[in-house]
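To start, the structure itself, in structure tokens.
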Amino acid sequence: MPTNDMPESVKRELEGLRELCDRENITVNDVAQLIKCDADNLRASMERGSCPFGFGGKTRPRDQRRGFHVDRLALWCYLTGTKI
């Protein structure tokens, strides 16, 4: 992906995305910070199934705990517009 004519602010965000995708675990809070949105809204989107790069829900039917998963390849493709 050529970055020669890219604004510096965009270069920094792209580098932040690269660093995030290189981590062992990607948290909802990390993604929310990167895309500058509220983490609870992102979680709600993941629970509804409308988030293109992650999903979430209750861990057990009668439990109040919730679990979330961010798919790094889907996140990269979504944020960069890459088609695979």
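General observations
- Matching entry among G81, G67 (being touching a Ser or Thr at 6+ places or on another chain (Cβ under 9 Å) and free of Cβ contacts under 8 Å to residues at least 12 places away in the same chain): G67
- The residues on offer are A32, A44, and the sole one that is at negative phi, free of Cβ contacts under 8 Å to residues at least 12 places away in the same chain and surrounded by 16 or more Cβ atoms within 10 Å (Cβ to Cβ) is A32.
All of the numbers you see were taken from the coordinates with simple rules; none came from a lab. Everything numeric in this text was worked out from a predicted model, so none of it was measured. Neighbour counts are summed over all protein chains in view; Cβ atoms, including those assigned to glycine, are modelled from backbone coordinates with ideal geometry.
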